[in-house]
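The values are calculated or read from the model by the stated rules, or taken from the named source; none is laboratory data. Because the structure is a prediction, the values reported are computed rather than measured. Cβ atoms come from the backbone with ideal geometry, glycine included; neighbour counts cover every protein chain shown. Protein only, heavy atoms only, side chains kept; ligands, DNA and RNA dropped before computing areas. Shrake-Rupley method; radii C 1.70, N 1.55, O 1.52, S 1.80 Å.
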Amino acid sequence: MATYSTNEFKGGLKIMLDNDPCSIIENEFVKPGKGQAFNRVKIRNLKSGRVIERTFKSGESVEGADVVDREMQYLYSDGEFWHFMVPDTFEQYQADKNAVGDTVKWLKEQDMCTMTLWNDVPLSVTPPNFVELSITETDPGLKGDTSGGGGKPATLESGAVVRVPLFVQIGEMIRVDTRTGEYVSRVKE
Amino acid sequence: MTADWRPVADLQQLQQRAQLLATIRRFFAERNVLEVETPLLCRATGTDPNLDFFTSQFHNPPHKKDLFLQTSPEFAMKRLLAAGSGSIYQICKAFRNSEVGRFHNPEFTLLEWYRVEFNLQQLMHEVAELLMTLLSGSMPQLSVTQVSYQQLFIECTGLDPLCFSRLAYHQFSKSQGHPEADSLCADNHALWLDFLFSHCVQNAMPRNSICLVHDYPAIQSSLARLHTDDTRLSERFEVFINGVELGNGFFELSDAEEQNARFEREIAYRQKHGLAAVEKDQLFLDALQTGLPDCSGIAIGLDRLLMIASDCDSIEHVLAFPFANA
């Protein structure tokens, strides 16, 4: 893998740090008029998701991380692994519980997701920004309520629980923003 | 066609710069300080291993010569002082290679001035006066704080900058979320001070105040004299506003031998660490040998001053054409 100098650091660059793959968020050049130049860098650990700050001497080099994002279709789960496929090539990948993480609650068979691979091994799965899922469980709503003020919890077919307006019923399909976990609208079949 | 040809700074910003320059010139005219110009393109340049310079070639066959774009006009201005110019100032461009960031543009504008017969205290007073004049319009709450490097350092970190303890420095850095400082700085006291000062002191400085930090440790003396009564300290100060470094002031070293020795040390360091080779400025040393009058001098970055005056968070916004589209 290539190495990168601090001068090449920019948002999105993937590097190895303490043996973990990381993504650079922000890079600030710090230099006293008379003294050593530093780069203060904000970095996300792609395994843990944690954001840390790390300082390098300017000009120092670090190893790049072989991290790529690929669009894949979610196929099914066998209980231990979640299976995905690259539609063009039919290549299949199995992601474990760690890699799937919280995304599991949005996964619906045949939906497209973004898989982040490190050395060709699944590191994390990002769901699409919007998913359409049907409601499997929710309290019956009050007749005539159309405003949705207040709302009620609803369990979706994938297992996620979101707040929905009172008029939304079991069996209906809704659109949800996975970044905020918020209900967007009902989906007409 | 893209919009890249357009200036980054807006018209108001350019007007503010013009006004700033006019005010500075009036300030020094009132005090009988002479405005001078010295070459930007010189045969020699500073040896400071932390400053990277631009090299250029002079061609006039069969003549060929490497010339350097100045990292500061210091040496030439001191030659004027040695020749009896009296107090002088200059507003010019300075060039520093490989420095680009939120507070750095490789080509920037400096105000540099020297006051003959001024001690450091008098110069600090004048710096505060000038900055008040320039900034009072945009920052009415602005005050002046004067503090020694050691006192400020202890207040912000609890560590003594004059007494090196790798363990104590490391423990503090770790507690501040910088465990990597230890491997970065190792046993280099000066580097530790750079690290701790830029990471833990600058951001803790008083807000809305012209902060004059004096009596820098001798290991960071640069071109300053050492204190006669405490050789752990140097006659150097820096000025900050809201944690942003604006300038460096010295009671100027006039001992040619000592200056020569510092050059030799820095040239040897450059050689050892594979940095660009540079020759010492013999004309400057000759001037010192002839005699530099007792004087204090400072250089202030005007682009950063404009950033503070207009509350910008990036130097690009005060430049008509920053580095990226120069």
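Contact residues in segment A:1-33 (at least 30 Å² less accessible area with all protein chains than alone, 1.4 Å probe): A:Glu28, A:Phe29, A:Lys31, A:Pro32, A:Gly33.
Dipole size in debye (nearest 20) for the protein assembly as shown around its Cα centre, Lys and Arg Cβ +1, Asp and Glu Cβ -1? Provide the component values of the computation, followed by the final result.
Values: 48 positive and 70 negative charges, 152 e Å.
It works out to roughly 720 debye.
Loop-located trypsin sites (Lys or Arg not before Pro) in segment A:29-62 (DSSP state other than H, G, I, E, B) with a sparse environment of at most 11 neighbouring Cβ atoms within 10 Å: A:Arg50. Heavy-atom accessible surface of chain B, averaged per residue, reaches 47 Å², computed with a 1.4 Å probe.
Can you give the accessible area buried between chains A and B, summed over both chains, with a 1.4 Å probe, in Å² to the nearest 100? Provide the component values of the computation, followed by the final result.
Values: alone 11160 and 16260 Å², together 25520 Å².
The summed interface area works out to 1900 Å².
Where in segment B:1-49 are there GluC sites (Glu not before Pro) that are in a DSSP coil and have at most 14 other Cβ atoms within 10 angstrom of their Cβ? Walk me through the numbers on the way to the answer.
On the way: sites: B:Glu30, B:Glu35, B:Glu37; in loops: B:Glu37.
Sites meeting the loop and neighbour criteria: B:Glu37.
In segment A:38-70, the residues that give up 20 Å² or more of accessible area when the other protein chains are added, compared with the chain on its own (1.4 Å probe), are A:Phe38, A:Arg40, A:Glu53, A:Arg54, A:Thr55, A:Lys57. With a cut-off of 18 Å on the backbone N, the residues of segment A:160-176 near the modelled label site 7 Å out from A:Ser134 along Cα-Cβ are A:160-162, A:168-176. Of the residues in segment B:169-207, those shielded by at least 40 Å² of accessible area once partner protein chains are present, compared with the chain alone at a 1.4 Å probe, are B:Glu180, B:Leu184, B:Leu191, B:Asp194, B:Ser198, B:His199.
For the pair B:Thr290 and A:Asp78, label points projected 7 Å from Cα toward Cβ lie 8.8 nm apart.
Which value, in debye to the nearest 20, describes the size of the charge dipole of segment B:1-102 about its Cα centre when Lys and Arg Cβ atoms bear +1, Asp and Glu Cβ atoms bear -1, and nothing else is charged? Don't skip to the answer; put the middle values down first.
Working: 13 positive and 10 negative charges, 37 e Å.
The dipole of segment B:1-102 has a size of about 180 debye.
Inter-label distance, B:Gln122 to B:Glu35: 2.4 nm, where each label sits 7 Å from its Cα along the C-beta direction.
Computed over protein heavy atoms with a 1.4 angstrom probe, the accessible surface ordering of B:Asp160, B:Asp187, largest first, is B:Asp187, B:Asp160. Of the whole protein surface, B:Asp313 contributes about 100 Å² of accessible area at a 1.4 Å probe radius.
Counting only DSSP H runs of at least 4 residues, each contributing -39500 (n - 2.57), and dividing by the residue count of chain B, the helix-based mean residue ellipticity at 222 nm comes to -10500 deg cm²/dmol.
Taking a ≥ b ≥ c as the square roots of the Cα gyration tensor eigenvalues, chain B comes out rounded, since a/c falls below 1.5. Among A:Ala95, A:Ile43, A:Ser185, whose Cα sits farthest toward the positive end of the charge dipole of chain A (+1 at Cβ of Lys/Arg, -1 at Cβ of Asp/Glu, about the Cα centre)? About the Cα centre, the residue reaching furthest to the positive side is A:Ile43.
In the context of the full set of protein chains, residues of chain A present 54 Å² of accessible surface per residue (probe radius 1.4 Å, heavy atoms only). For segment A:27-78, the share of accessible area belonging to carbon and sulfur comes to 41 percent (1.4 Å probe, ligands and nucleic acids excluded).
Taking label positions 7 Å along the Cα-Cβ direction at both A:Glu71 and B:Asn203, the computed distance is 3.9 nm, reported to one decimal. Paramagnetic label reach from A:Val86 (point 7 Å along Cα→Cβ; backbone nitrogen cut-off under 13 Å): within segment A:93-118, residues A:93-94, A:115-118.
May I ask you to derive the FRET efficiency for B:Arg43 and B:Met1 from their Cβ-Cβ distance with R0 = 41 Å, giving the value to the nearest 0.05? Display every interim value, and only then the final one.
Working: r = 42 Å, r/R0 = 1.02.
Given R0 = 41 Å and the Cβ-Cβ separation, E is 0.45.
Before rounding to the nearest 500, sum -39500 (n - 2.57) across all DSSP H runs of length at least 4 in chain A and divide by the residue total; then give [θ] at 222 nm in deg cm²/dmol.
On the way: 1 runs with 4 residues, N = 189.
Mean residue ellipticity at 222 nm (helix-derived): -500 deg cm²/dmol.
Among the listed pairs A:Lys42/A:Lys108; A:Lys34/B:Lys272; A:Lys42/B:Lys272; A:Lys57/A:Lys97; A:Lys14/B:Lys93; A:Lys57/B:Lys174, a Cα-Cα separation exceeding 26 Å is found for A:Lys42/A:Lys108; A:Lys42/B:Lys272; A:Lys57/A:Lys97; A:Lys14/B:Lys93. For the pair B:Lys65 and B:Ser138 in one chain, pulling the backbone fully straight at 0.36 nm per residue adds 21.6 nm over the alpha carbon distance.
A DSSP coil position with no more than 16 other Cβ atoms inside 10 Å describes the following GluC sites (Glu not before Pro) in segment A:55-123: A:Glu60, A:Glu80, A:Glu91, A:Glu109.
Span-like helices, chain B: DSSP H, alpha-carbon axial extent 18 Å or more, mean Kyte-Doolittle -1.0 or greater, which ones?
B:11-30, B:120-135
Dipole magnitude for chain B: about 560 debye, using +1 per Lys or Arg Cβ and -1 per Asp or Glu Cβ, origin at the Cα centre.
Roughly how many percent of the accessible protein surface of chain B is carbon and sulfur, given a 1.4 Å probe and a whole-percent answer? Write out the running numbers ahead of the final one.
Values: 7770 of 15330 Å².
Here it works out to 51 percent.
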